Amino acid sequence: MQAKTVLVFALVLIPLAITVIFKYAPAFTKHQKITSVAILHPQVIAPNEYLHLEDDVVKRLHDALSEVPTKDIQQTGRDLAQLASTSGASALIVPTLTIDAGIVQLDLQVIEARTGRVIFKTPFQSSIENYPDMMKAAGAALKRALLG
């Protein structure tokens, strides 16, 4: 009777343990060291008078990450995980800027190229007058997240 009980527990617990290890182990490992980044051209959702901020967002992110080799990517409409892996960089930064009724929101997402996993995703929001300060805070948070 005891041998059957032990056998049943072993046959149930061993596959369960193996499944848990393979499914959840990547969640407990740190992402790879970021040595270079690719910045996707930002999507801007705003009236035409603010479309010039597309280039400003990229410039400010480049400035914030001056310690890391960066390159720009103009491609759109592709799978982000695939784009991250083919970019040649360790991570892909995906910015989205939304402006509505004088409120600016920048959504920053960083995808690790090796795994295709999102390693940073944070929105930043301010009034249009405080846009430079918001971008400075976003750049600093991104730098801390990527460089430690």
### Query
So how tilted is helix 131-147 from the main axis of the chain? Cα-based, degrees 0 to 90, rounded to 10.
30 degrees
### Query
What is the dipole size for the range 37-147, taken about its Cα centre, with +1 at each Lys and Arg Cβ and -1 at each Asp and Glu Cβ, in debye to the nearest 20?
520 debye
### In nm, spacing of pseudo-spin labels at His41 and Phe9 (7 Å Cα→C-beta vector)
6.2 nm
### Task
Could you please rank Ile111, Ile14, Ile34, placing first whichever residue has the fewest other Cβ atoms within 10 Å of its Cβ?
Ile14, Ile34, Ile111
### Message
Net charge around Asp63, counting only other residues with Cβ within less than 13 Å of its Cβ (Lys, Arg = +1; Asp, Glu = -1)?
### Response
+1
### Query
Residue separation times 0.36 nm, minus the C-alpha to C-alpha distance between Ser66 and Gln82: what's the value?
3.3 nm
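Lys and Arg at +1, Asp and Glu at -1: add these up for the other residues within a Cβ distance under 13 Å of Met134 and post the number.
-2
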#### Entry: Partners for Lys33 among lysines (Cα-Cα distance below 29 Å; same-chain residues under 8 apart left out)
Lys23, Lys59, Lys71, Lys121, Lys136, Lys143
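Taken together, the values in this text are just the output of simple stated rules run on the coordinates, not laboratory data. These figures come from a predicted structure and were not determined experimentally. Quick reminder, even Gly has a Cβ in these numbers, built from the backbone with ideal geometry, and neighbours come from all protein chains shown.
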